[in-house]
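The values are calculated or read from the model by the stated rules, or taken from the named source; none is laboratory data. Predicted model only: the values in this text are computed from it and were never measured. Here the Cβ positions follow ideal geometry from the backbone for every residue, glycine too, while neighbour counts run over all protein chains shown.
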């Protein structure tokens, strides 16, 4: 009787030790993964701050004006004469607008 009980205790102890070992290894792997994720998140956060700062510098009105002058030398601000309404488009698609232009010639004039 004592031998069976002792054998059972030894086997139970071995099973518990194996399970604890596996759990310990899993915890260590998860801790490593957590550390890597935190490091990755920190790096992404730093990259995001740098990109936001760059975006803010590039979108400053004076910089935009310099880029416009450099790359779009013929750029002109939009005037109210260049804006048409949807009603104007519908009228032109039916025929001619108030100036006697049809839609295709009007669009061609806008493109020029």
(request) For residue 13, state whether it is surrounded by 10 or more Cβ atoms within 10 Å (Cβ to Cβ) and either in contact with a strand residue (DSSP E or B) (Cβ under 8 Å, 6 or more places away or on another chain) or at pLDDT 90 or above (or both). (result) yes
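Looking only at residues in segment 32-75 that are assigned to a loop (DSSP other than H, G, I, E, B) and out of contact with any helix residue (DSSP H, G or I) (no Cβ under 9 Å at 6 or more places or on another chain), which one is surrounded by the fewest Cβ atoms within 10 Å (Cβ to Cβ)?
Applying the filter and picking the extreme gives 74.
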